[in-house]
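Colleague: Shown below is the structure under consideration.
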Amino acid sequence: MKTLIHPTAVIHPNSELHPTVQVGAYAVIGAHVKVGPETIIGAHAVIEGPCEIGARNQIFTGAAIGMEPQDLKFVGEPTWVKIGDNNLIREYVTINRATGAGQATIIGNNNLLMAYVHVAHNCVIEDSVIIANSVALAGHVHIESQARLSGVLGVHQFVHIGRQAMVGGMARIDRDVPPYMLVEGNPGRIRTLNLVGLKRSGMETSDLQLLKKAFRILYRSNLLFKEALEELETLGDTEHLQHLRRFLLLSQMPGRRGLIPGRGKSVGSDES
């Protein structure tokens, strides 16, 4: 029978590993860590609990998951990292536990986190997200499904990045990125729709045309934010437009960062 746990790995007796889990040389798995079937944990990876990891994940060399948050508000309260299924977590990725009793840092399913990505406390990464090398997410960042983040960029705390958005490399993201948009630059600015990504996703041509119209209303007209939202409602009630409008409205709520501006226009406030 194949040996699945390397003899140099250190496994705490209060951890719970499915019999099909593979653990590489010198990996360390602490107490209250639960790992699902067919997950592979690479050499020198360190996983601390409380932490739940689902099925068929691959965690590469040197990743550090479940460490205490880098947050001065943290006083040792019980918090979690929760990771779903089919994720690729590459070399030296760091994923911190949450701050606030009972809270969790959450990674969904089918995500790729490339080398040296940092996921801070209370972040939420939904499904099928790709984050390239050396991206740093501050606390409470929320990334919706199918978003794409290019390399060597930083995301400010409490920022939300919308579904199927694309963020260019070395950008500075200090406010919310609406769904379906492409952002790049320092400071970051919305340049256009994420046309390549939307086409690759198989989006219907009719939906894509409506999003093009929505983009022109938001970023190529002289309408105030309230007026732009009213104009968006005239385009129809498709699922994509509903999601875009909901995201725009929620970005104005207390505790949110507001919307990242477009090129030469600050969308998101009637005071613009």
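Colleague: When DSSP assigns beta bridges and you keep just the ones with both residues in the chain, what percent turn out antiparallel, to the nearest 5?
Modeller: Looking only at bridges with both residues in the chain, the antiparallel portion is about 10 percent.
Colleague: For the peptides 83-90, 243-250, what is the packing order when you average, over each peptide's residues, the other Cβ atoms within 10 Å and list the highest mean first?
Modeller: 83-90, 243-250
Colleague: Would you kindly state how much longer the chain becomes between Thr234 and Val75 on full extension, computed as 0.36 nm times their sequence separation minus their alpha carbon distance, in nm to one decimal?
Modeller: So the chain would gain 52.2 nm between Thr234 and Val75.
Colleague: Would you kindly state how much longer the chain becomes between Glu204 and Leu4 on full extension, computed as 0.36 nm times their sequence separation minus their alpha carbon distance, in nm to one decimal?
Modeller: 67.5 nm
Colleague: What's the magnitude of the charge dipole for the chain around its Cα centre, counting Lys and Arg as +1 and Asp and Glu as -1 at the beta-carbon? Answer in Debye, nearest 20.
Modeller: 720 debye
Colleague: While we're here: Check which residues have an amide H placed less than 5 Å from Met166's amide H, if you skip close sequence neighbours.
Modeller: The answer is Arg148, Met181, Leu182, Val183.
Colleague: Express in Å², to the nearest 10, the accessible area of Phe215 obtained by rolling a 1.4 Å probe over the protein heavy atoms while all chains stay in place.
Modeller: 20 Å²
Colleague: Separate question: Enumerate the calculated ³J(HN,Hα) couplings along the stretch 155-163 in order (Karplus 6.51 cos²θ - 1.76 cosθ + 1.60, θ = phi - 60°), each rounded to whole Hz, writing x wherever the residue is Gly or Pro.
Modeller: For the stretch 155-163, the Karplus curve yields 10, 5, 4, 6, 6, 10, 10, x, 4 Hz.
Colleague: Here is a further query. For a quick check: with amide H placed at 1.01 Å from N, whose amide H comes under 5 Å from Ile190's, ignoring anything fewer than 5 positions away on the same chain?
Modeller: HN-HN under 5 Å from Ile190: Gly262, Arg263.
Colleague: Here's a follow-up. Per the Kirkwood treatment, what hydrodynamic radius in Å, one decimal, follows for the chain from the mean inverse distance over all distinct Cα pairs?
Modeller: 19.5 Å
Colleague: Related question: Given a 1.4 Å probe and heavy atoms of the protein chains only, how would you sort Met170, Met67, largest accessible area at the top?
Modeller: Listed by decreasing accessible area, they come as Met170, Met67.
Colleague: For Arg257, list long-range residues whose amide hydrogen, built 1.01 Å from N in the peptide plane, is under 5 Å from its own amide hydrogen.
Modeller: Answer set, sorted by chain and number: His160, Asp176.
Colleague: Here's something else I'd like to know. Among 196-204, 148-156, how do they line up by average Cβ neighbours within 10 Å per residue, starting with the highest?
Modeller: Per-residue Cβ counts within 10 Å, averaged per peptide and sorted highest first, yield 148-156, 196-204.
Colleague: Beta carbons within 10 angstrom, averaged per residue: use that to sort the peptides 252-259, 130-137, 175-182, highest first.
Modeller: Result, highest mean Cβ count within 10 Å first: 175-182, 130-137, 252-259.
Colleague: Go through the stretch 90-104 residue by residue and turn each phi into a ³J(HN,Hα) via Karplus (6.51, -1.76, 1.60, θ = phi - 60°); whole Hz please, and just put x for glycine and proline.
Modeller: So the Karplus estimates, Gly and Pro as x, are 7, 4, 6, 5, 10, 10, 8, 5, 7, 9, x, 3, x, 7, 9 Hz.
Colleague: Give me the count of lysine pairs in the chain whose alpha carbons sit under 18 angstrom apart, restricted to pairs 8 or more positions apart or on different chains.
Modeller: 7
Colleague: Spelling out what I want: for every residue of the stretch 112-126, take phi, set θ = phi - 60°, compute 6.51 cos²θ - 1.76 cosθ + 1.60 (Karplus), and round to whole Hz; glycine and proline get x.
Modeller: 10, 10, 6, 4, 6, 5, 10, 10, 7, 4, 6, 6, 10, 10, 6
Colleague: To the nearest 10 Å², what's Lys34's accessible area with a 1.4 Å probe?
Modeller: 100 Å²
Colleague: When the Kirkwood radius is taken over all Cα pairs of the stretch 1-74, what Stokes-Einstein diffusion coefficient follows at 37 °C and 0.692 mPa s, in µm²/s?
Modeller: Reported coefficient: 268 µm²/s.
Colleague: Compute, for Glu233, the solvent-accessible surface of its heavy atoms (probe 1.4 Å) with the complete set of protein chains present, and express it in square angstrom to the nearest 10.
Modeller: 120 Å²
Colleague: Which one of Val129, Asn86, Tyr26 is farthest out on the positive end of the charge dipole of the chain, using unit charges on Cβ (Lys, Arg +1; Asp, Glu -1) and the Cα centre as origin?
Modeller: Sorting the options by dipole projection puts first Val129.
Colleague: I want the local charge near Asn96. Using Cβ-Cβ distances under 14 Å, sum +1 for each Lys or Arg and -1 for each Asp or Glu among the other residues.
Modeller: -1
Colleague: With +1 assigned to the C-beta of every Lys and Arg and -1 to the C-beta of every Asp and Glu, and no other charges, what is the dipole magnitude of the stretch 172-264 about the Cα centre in debye, to the nearest 20?
Modeller: 460 debye
Colleague: At 1.4 Å probe size, put Thr234, Thr79 in order of accessible surface, largest to smallest.
Modeller: Accessible-area ranking of Thr234, Thr79, largest first: Thr234, Thr79.
The values are calculated or read from the model by the stated rules, or taken from the named source; none is laboratory data. Everything numeric in this text was worked out from a predicted model, so none of it was measured. All Cβ positions, glycine included, derive from the backbone under ideal geometry; neighbour counts span all protein chains shown. Heads up: the accessible areas ignore ligands, DNA and RNA and are worked out on the full protein's heavy atoms, side chains in. Shrake-Rupley method; radii C 1.70, N 1.55, O 1.52, S 1.80 Å.
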